[in-house]
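Asker: First, the structure itself, so that you have it in front of you.
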Amino acid sequence: MNNNPQDKMLKSDEYDILSRFQGGFTTVPEHISLNLRHELRPYQTEALGRYLHYYDSDKNRDQTRGMQLLFNMATGSGKTMIMAALLLDLYKRGQNKIVFFVNTTNIIEKTRENFLDSSSSKYLFAEKIVIDGEVVNVRELTDFSDARDDSINIVFTTIQGLHTTLKAPRENSLTYDDLTEHDLVLLSDEAHHLNGDTKKLNADEKKDNTSWESTINAVMNGNPMNHLFEFTATIDLDDKEIFYKYKNRIIYRYDLRAFREDGYSKDVWIYDVAADLMDRAIQAMIISQYRKKIALAAGVWLKPVILFKSFRIADANDFYDEFVLKVKSISHTDIDKQRKIATGILERAFAYFDQEGISGSDLADELRFDFAEERLISVTKKAITPEDQQRLNSLEDRDNEIRAVFAVDVLDEGWDVLNLFDIVRLYDTRDSKNGRPGKTTMREAQLIGRGARYYPFVLDGDEEKRFVRKFDDNELEPLRVIEQLHYHSASNPKYIQEIRQTLRETGIMPDINTVKRELNLKDSFKESHTYKTGVVWKNEQVEATAIPEQTVFLGGEGYKLQDIYEISVPVGISHDRQIFVDNSDLEAQTRSEEHTFNVTFSRFPKNLVRHAVDRNKKLRYDIVSEKISGLVSLEGFLTGDKQLGGVKIAVTAGVDRYEKLTTDERLFIVEKLLALVANDIALNEKSFEGTKEFKPHPIKEVFDERILRNYTITNNDAEFGISQSHPGSYDQRGSQYYLDLSKEDWHVYDDNFGTSEEKKLVLLMKKLIEDLREKWDDIYLVRNEGSFKIYEFGKPGRAFEPDYVLFANDKRNASVSWQIFIEPKGNHLIEHDAWKQDFLLKLSKEAKIVGEDADTRVIGVPFFNGDIEKQSHVIEEALKAL
């Protein structure tokens, strides 16, 4: 490959520069966002922003040809959601004929469900798609002879099927004429299969126009205005030919490593044990049942699934039969056998069962029921029926009872399953050569990557964290088990080393040092009066206050509608025309007789208004009721004198008063007004706000006595994960901010493994403690290890976990106590988190103590930053001033 750095730059690299220095890309327009069932994730918004920028603003784009772009995105990152968004945008641009092609029929069936089946949990569009006030349908066709202008028209095919059909055209199928006379959008999923010409064929074979890749090239060359959008998680840019083919096509790259680091995947664990196959299977069932119970105890519905993977079909069939028989006879003896050798997650599972009073016999009864044969599915015992395929594609659904899948190669491209938590490897084959993983290990790594898709759930109403891991830093959080995928393997050290290395190279497991550290509350603090009787004062996040009905409450802020809206009715929108009468002068005649008059919106018939509302996605009841604070009823909003009912419309039409308008003309006016109103306002999502009332919560219930936390060791902060109390005892390097915290009674935890800023703050407290003791006693500094949140006053009520809280009692006035929030902040985050500092500084004036301890002072101080403190003494002065 050419060593010229400029020549190696990919299109996605150029757009990386744009995103860094131009403050991001175009906001995703409402014709996309309002017509998708789910909210776009940040990286999906970035991908679409790049596409929109390229389409509308890139001066280097050749406007005389269609686009050819590649989205290189990780398995599980929602590539099909990007496709759905593209279909919406392209429809608005007048491009509604789509050919979706892929390598396997399984993916076609999945994508049909995504795009066509509104009753499916996998469906990606809103219940009703509305663009420019018109309802849009999504239709499947076999060719484009029946394409409709008001629809997104899609032909689904495999690349093999497309190739065969074009070589030997059949009735009611695509032809080259279809693909050249229409401006088409080609969507290629798993696009790495299209590189046969580019990578695998020799010079003679590349001349053969019968190859799949040549078929696509012929389609694109047949009509230069056709668009081709390719999607893949796998692209070999180390191959010279592949690199140059896609060098100017890759619009966005979001690999598995970024996907995992952003928290969108499960955390992958290797569980290896020296046990026979059936013992491994029983262990997996026990662990699976443990996950189910932990989730349900927290109010999270979960039916975890196990995949039993064999090397050969015959082995899979034999093991399935053995498993069915074993489950029928499983007893407490089998359970007790596993208890004796339990380690890791299995040991935690048994501890939980003991805690809950679940005996070995109880557990055996549960396993016999939950893993009975009717709740198993084998993809090797018989041909997979459409019903079986549907069950495999809907494992997360509540009415799907499948708990285990038996297969050889099932988690291939296109199988989306989020509630897979255990993969049991039922063989011990290795095929590595020269220290490099072989094809078997690579396939297994890909299998694990597909199984690592995160199972979304919500805790404490925190919707923002539904799709991301929540407990990476808390080893002791029971719910971590439903954020983990365990790969069960025989205890084979060489294989375990190979699979771990492969998983790191592919980005599924972190290629960084993660260390486990333990923190404990000091006995001296637990014996103190502050710990036994003290409280943490914190506020709450509540749904935003509703606006009274007598005001116009669009957007939740008393939005004022315009006094009058101007609408012109197009000539010829609806007229009776006699077949045998010349109507050629109708338009000129109508134009010469235009009139303008005013009408109040309440004059329009309710049934007409309701019909128009049903056609407008932005103002349908299910949307409006969620997004407009204080809405009592949609009917009241549409007809109320102080809402839409009182709006005046200046109508310009071919008639001089309302009564002469035809039904079609009235419908046009109503739809146009609703579109104008919707565009005038910003319909808010259900909004929240932080209260100003601070309520007491016992300290001994808020702060954990023991914390087991994972720290990620990176070059960004060499102090992170390093003990402040024990120089040199961790990783042969000690903190440069050493302080023996065992001797500091004001520091409640026995160590500090935090950032350099946190350690600098602790040193500052050491410096100030004697001065502070002149006015305070019972002084305690507590690190908030995810123990509590406070919420920004008013909207949007953002959650904030201040790093430290300082407790103290005032010597000068025995009734006064202090609770001071302190937030150490590195230079790179000061501007980004400025809202947190603004909130902290409001506490002293606006926080209201609820309860008897009215003399408690809840305050915040400015950010602590070690570099700033050296010059301005901000925190020192703030604390001394209290």
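The values are calculated or read from the model by the stated rules, or taken from the named source; none is laboratory data. Worth saying up front: this structure is predicted, and the values here are computed from it rather than measured. Ideal geometry is used to build each Cβ from the backbone, glycine not excepted, and the neighbour counts take in all protein chains shown.
Asker: Taking the residues in region 76-117 that are without any contact (Cβ under 8 Å) to a residue 40 or more places away in the chain and among the small types (Gly, Ala, Ser) as candidates, determine which candidate is nearest to Tyr254 (Cα to Cα). Working first, answer last.
Answerer: Applying the first criterion (without any contact (Cβ under 8 Å) to a residue 40 or more places away in the chain) to region 76-117 yields 78, 93-94, 114-117.
Remaining after also requiring among the small types (Gly, Ala, Ser): 78, 94.
Working: Gly78: 11, Gly94: 29 Å.
That would be Gly78.
Asker: I'd like the full set of residues that are among the hydrophobic types (A, V, I, L, M, F, W, C), in contact (Cβ under 8 Å) with a residue 60 or more places away in the chain and not in a helix (DSSP H, G or I), limited to region 32-58.
Answerer: Leu34, Leu36, listed by residue number.
Asker: Right, here's the next one. Of all the residues that make up region 351-372, how many are under 14 Å from Met285 (Cα atoms) and touching a residue at least 40 places away in the same chain (Cβ under 8 Å)?
Answerer: Within region 351-372, residues that are under 14 Å from Met285 (Cα atoms) and touching a residue at least 40 places away in the same chain (Cβ under 8 Å) number 8.
Asker: Would you check if there is a residue in region 645-652 being at pLDDT below 85 and not β-branched (Val, Ile, Thr)? Spell out how you get there, then give the answer.
Answerer: So in region 645-652, the residues at pLDDT below 85 come out as 645-647.
After this cut, where a residue has to be not β-branched (Val, Ile, Thr) as well, the list is 645-646.
Scanning region 645-652, I find at least one residue that is at pLDDT below 85 and not β-branched (Val, Ile, Thr), so the answer is yes.
Asker: Would you pick out the residues in region 518-545 that are part of a helix (DSSP H, G or I) and farther than 26 Å from Tyr711 by Cα?
Answerer: Passing the criteria: Ser524, His529, Thr530, Tyr531, Lys532, Thr533.
Asker: For region 497-509, does any single residue satisfy the condition of being assigned to a helix (DSSP H, G or I), closer than 18 Å to Ile270 by Cα, of a type outside the set (S, T, N, Q) and touching a Phe, Trp or Tyr at 6+ places or on another chain (Cβ under 8 Å)?
Answerer: yes
Asker: Out of all the residues in region 82-134, which are of a type in the set (Asp, Glu), within 28 Å of Ala675 (Cβ to Cβ) and not in a strand (DSSP E or B)?
Answerer: Result: Asp89, Glu127, Asp132.
Asker: I would also like to ask the following. Taking only pairs six or more apart or across chains, which ones have beta-carbon atoms under 6 Å, a first residue in region 528-541 that is closer than 19 Å to Gly794 by Cβ, and a second residue that is among the β-branched types (Val, Ile, Thr) and surrounded by fewer than 21 Cβ atoms within 10 Å (Cβ to Cβ)?
Answerer: Asn539/Thr691; Glu540/Thr691
Asker: Cβ-Cβ under 7 Å, sequence separation 6+ or interchain: first residue in region 251-263 and in the same structural domain as Ala47 (by TED's automatic domain parsing) and in contact (Cβ under 8 Å) with a residue 60 or more places away in the chain, partner surrounded by fewer than 17 Cβ atoms within 10 Å (Cβ to Cβ) and part of a strand (DSSP E or B). Which pairs?
Answerer: Nothing qualifies.
Asker: May I pose another question? Only residues that are among the charged types (D, E, K, R) and surrounded by 15 or more Cβ atoms within 10 Å (Cβ to Cβ): list them for region 302-335, please.
Answerer: Lys303, Lys309, Asp315, Lys326, Asp334, listed by residue number.
Asker: Could I ask something else about it? Need the failing condition index for Glu230 against (1) part of a helix (DSSP H, G or I); (2) modelled with pLDDT of 75 or more, just the number.
Answerer: (1)
Asker: Return yes when Gly860 is at pLDDT 85 or above, crowded, with 16+ Cβ neighbours inside 10 Å and not acidic (Asp, Glu) and no when it is not.
Answerer: Answer is yes for this residue.
Asker: Only one of (1) in contact with a Pro (Cβ under 8 Å, 6 or more places away or on another chain); (2) surrounded by fewer than 17 Cβ atoms within 10 Å (Cβ to Cβ) fails for Thr755. Which number is that?
Answerer: Condition not satisfied by Thr755: (2).
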